[in-house]
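Here's the structure, in structure tokens; my notes come after.
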Amino acid sequence: MATSRAEQPLEPGPARVESSRIRIKNLRLRTYVGLNEEEQQKRQDVVVNIHIDYDALRAATSDAPDHALNYRTITKQVIELVEDNRFLLLEKLVHDITKLVLGHQAVDAVHVEVDKPHALRFADSVSLTMSATRRQ
């Protein structure tokens with residue numbers, strides 16, 4: 001009985017990696033964000049999710065840390081940015097994170113989502129997302 005092409009095992013050989021993505025999930029931080037006086041006087045919780053696209057093939061084939069994007073460094077920079085600043089708008093907060101991550105030369109694209117839990121009375125949270133791609 002013949003097997004279909006879809007059922008045949010993959011042949012060993014060089015892999016072609018189209019893209020790689022690092023995900024920083026549910027980074028829970030506290031900052032000043034909002035328009036009303038109470039929001040500007042008391043830190044609020046925010047939850048940050050970041051997707052970072054970069055070419056990880058060199059790191060994957062060499063297993064050398066110097067060839068990888070250092071997501072720990074990026075995360076520390078995001079923490080400092082969020083916790084050491086004040087924002088009137090969620091849009092400004094998300095934009096600043098997006099710009100910071102895209103400032104790393106190895107990053108090809110970034111997608112940032114920030115949730116502001118309990119921003120609305122009957123909602124779990126309000127979130128804003130923003131994406132940016134490096135100009136080629």
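What follows draws every value from the coordinates through simple rules; no lab data is involved. Remember, it's a predicted structure, so these values are computed and weren't measured experimentally. Here Cβ is always computed from backbone atoms with ideal geometry, including for glycine, and neighbour counts include all displayed protein chains.
Write down the percent of antiparallel bridges among all DSSP beta bridges whose residues are both part of the chain, to the nearest 5.
95 percent
Determine the dipole magnitude for the chain: charges of +1 sit on the beta-carbon of Lys and Arg, -1 on that of Asp and Glu, nothing else is charged, the reference point is the Cα centre, and the result goes in debye to the nearest 20. Don't jump to the answer; show the numbers that get you there.
Details: 19 positive and 20 negative charges, 18 e Å.
Its charge dipole is roughly 80 debye.
Summing +1 for each Lys or Arg and -1 for each Asp or Glu, what net charge is found among the other residues whose Cβ lies under 10 Å from the Cβ of ALA109?
Surrounding charge for ALA109 is 0.
Roughly how tilted is helix 71-83, in degrees to the nearest 10 and between 0 and 90, from the longest Cα axis of the chain?
10 degrees
Do any trypsin sites (Lys or Arg not before Pro) in segment 53-136 lie in a loop, going by DSSP, with at most 11 other beta-carbon atoms within 10 Å of their beta carbon, and if so which?
ARG121, ARG135
Per DSSP H run of at least 4 residues, take -39500 (n - 2.57); add these up for the chain, divide by its residues and hand me the 222 nm value, nearest 500 deg cm²/dmol.
Calculated from helices alone, the mean residue ellipticity at 222 nm is -8000 deg cm²/dmol.
Enter the angle in degrees (range 0 to 90, nearest 10) between the Cα long axis of helix 90-102 and the first principal axis of the Cα atoms of the chain, meaning the one along which they spread out most.
Taking Cα atoms only, the helix is inclined about 40 degrees.
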